[in-house]
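In what follows, a structure is listed as structure tokens, so that the remarks can point back to it.
What follows draws every value from the coordinates through simple rules; no lab data is involved. Keep in mind the model is a prediction, meaning the values are calculated, not measured. As a convention, Cβ positions derive from the backbone with ideal geometry for all residues, glycine included, and neighbour counts pool all protein chains shown.
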Amino acid sequence: MKDNSTADFTIQKEWVEAIEKHQAVIADYVRTASRIDEEVWRLPVGAEKWTPAQITEHLILTYQMLVKQIHGEQSLKMQYNFPLRQILRLAILPKIFRTRQLPRGAKAPPEIMPEDSTMPREMALTKLEESSGAFENEILSRRNDKKFRLMHHVFGQIEPLKGIDFIAIHTEHHTRQLPRS
């Protein structure tokens, strides 16, 4: 049987690793987006796709929503009823964590849909770093709350450590969408 100090160390190590991984994903996004020419920043990345500016705004809105969610101020509207959410959770969520890929055609909920972003690239990337950092700080403040869960609009409740990884996968997904110079 493990003593409590060993168990606490393991838990703390998991949190440190999750945050470091998330920070690396954000740094990669910012590095990739920083290389995009200013005139390309506002061009769609494909037919009926968002611009890099809109992708960045979507990520900012996502982190801001998560912070509000952690504070109990706002949450995403559930897209499906409970039985269907459970089926999707069992069928799709493990694959997302295993492959680190979101399903093709997955749609963002209305609460985090970007507008026509007019924010200059550097300002948007700074705001993304600030928003993601605020999320990290807030979720760390809840790490000892055994009942706390993040809410996903399709999958429902997600345990916080898995939630950090899920948001990292989400950011990786959008990093792959950015044009490469």
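Tilt of helix 4-34 relative to the longest C-alpha principal axis of the chain, in degrees (0 to 90, nearest 10)?
With both axes taken from Cα atoms, the answer is about 0 degrees.
What number, in percent, do you get for the relative contact order of the chain if the mean sequence gap of Cα pairs under 8 Å and at least 6 apart is divided by its residue count?
Relative contact order comes out at 39 percent.
With Cα extents along the principal axes in Å defined as stated, name the option among [x] 49, 34, 28; [y] 70, 34, 28; [z] 60, 36, 32 computed from the structure displayed.
It is the one labelled [z].
Do the sum for the chain: with -39,500 (n - 2.57) for every DSSP H run of n ≥ 4, divided by all residues, what is the mean residue ellipticity at 222 nm, to the nearest 500 deg cm²/dmol?
That comes out to -20000 deg cm²/dmol.
Could you rank the peptides 23-30, 55-62, 44-51 by their average count of other C-beta atoms within 10 Å per residue, with the highest value first?
Taking the mean over residues of other Cβ atoms within 10 Å, the ranking is 55-62, 23-30, 44-51.
Would you grab the residues whose amide H sits under 5 Å from the one on S75? Only those 5+ places off in sequence or on another chain, please, with H modelled 1.01 Å from N.
none
With each pseudo-label sitting 7 Å past Cα toward Cβ, what's the L140-E17 distance in nm, one decimal?
In this crude spin-label approximation the distance works out to 1.8 nm.
The range 134-181 to the range 31-101: how many Å between their Cα centroids?
About 10 Å separates the Cα centre of the range 134-181 from the one of the range 31-101.
What full-extension length gain, to one decimal in nm, is calculated for E38 and I92 as 0.36 nm per residue of separation minus the Cα-Cα distance?
15.8 nm
Sequence neighbours fewer than 8 away in the same chain don't count; with that in mind, list the lysines whose C-alpha is under 21 Å from K95.
Within reach: K21, K107, K162.
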